[in-house]
Amino acid sequence: MGMLKEFKEFAMKGNLLDMATGIIIGVAVGKMVSSLVADVIMPPIGVLMGGVDFSNLSYVIQEAAGDVPAVAINYGTFAQTVIDFVIIAFVVFMLIKAMNKAMPKEEEAPAGPSSEDLLVEIRDLLKK
């Protein structure tokens with residue numbers, strides 16, 4: 001029974017709930033960034049490159065035959081995914097940078113005597 005109680009305490013800690021909230025929000029932001037890249041950024045880039053639709057860029061290894069679909073390397077979809085990653089990584093970097101600026105600086109504890117000084121003092125007291 002102790003293990004169940006321990007798990008309940010772990011699951012109800014604020015850190016776990018914060019992490020779950022962050023993951024849910026992260027998934028939603030990921031979908032928004034994917035839409036931004038696929039629907040807003042890539043079409044103008046495709047027009048600038050001569051009307052290329054990146055989602056259709058692929059290298060066909062084996063053509064479709066009957067009911068068997070074609071085997072292809074979809075490098076256009078991969079390019080969109082890489083751009084998604086770069087945007088998400090940049091946004092996360094900026095968020096962390098802003099949070100670090102907003103967090104109060106930790107004041108350093110006043111420097112006390114070192115362990116060597118304390119040991120020397122104890123030695124001297126024992127000599128007396």
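Taking every C-alpha pair closer than 8 Å and separated by at least 6 residues, the mean separation divided by the residue count of the chain gives a relative contact order of 16 percent. Shown for the stretch 14-96 is the translational diffusion coefficient from the Stokes-Einstein equation, using the Kirkwood radius over Cα pairs, a temperature of 10 °C and a viscosity of 1.306 mPa s: 105 µm²/s. Its relative contact order, with pairs defined as Cα atoms under 8 Å and 6+ residues apart, puts the stretch 48-96 at 31 percent. Counting only protein heavy atoms, what percent of the accessible surface of the chain is carbon or sulfur at a 1.4 Å probe? Carbon plus sulfur share of accessible area: 68 percent. Sequentially through the stretch 4-9, phi angles give Karplus couplings (6.51, -1.76, 1.60; θ = phi - 60°) of 5, 5, 4, 5, 4, 4 Hz, Gly and Pro residues having no value and appearing as x.
Rounded to the nearest 10 square angstrom, ILE41 shows an accessible area of 50 square angstrom against a 1.4 Å probe.
The helix-only estimate of mean residue ellipticity at 222 nm for the chain, built from DSSP H runs of length n ≥ 4 each weighted as -39500 (n - 2.57), is -20500 deg cm²/dmol after division by the residue total. Take the alpha carbon atoms of the stretch 83-128, find their center, do the same for the stretch 19-69, and report the distance between the two centers in whole angstrom. Answer, in whole Å: 43.
For a paramagnetic label modelled on MET99 (point 7 Å from Cα along Cα→Cβ), amide N atoms under 16 Å away belong, within the stretch 1-43, to 14-30.
Counting only protein heavy atoms and a 1.4 Å probe, the chain has 88 square angstrom of accessible area per residue. In straight-distance terms, cross-link reach from LYS31 covers every one of the aspartates and glutamates whose alpha-carbon lies under 16 Å from its own, apart from those fewer than eight places away in the same chain; here that gives ASP39, ASP84.
The values are calculated or read from the model by the stated rules, or taken from the named source; none is laboratory data. Computed from a predicted structure; not experimentally measured. Cβ coordinates were reconstructed from backbone atoms using ideal geometry, including for glycine residues, and neighbour counts include every protein chain displayed. Just so you know, the surface numbers come from the protein's heavy atoms only, side chains and all, with ligands and any DNA or RNA stripped out. Shrake-Rupley method; radii C 1.70, N 1.55, O 1.52, S 1.80 Å.
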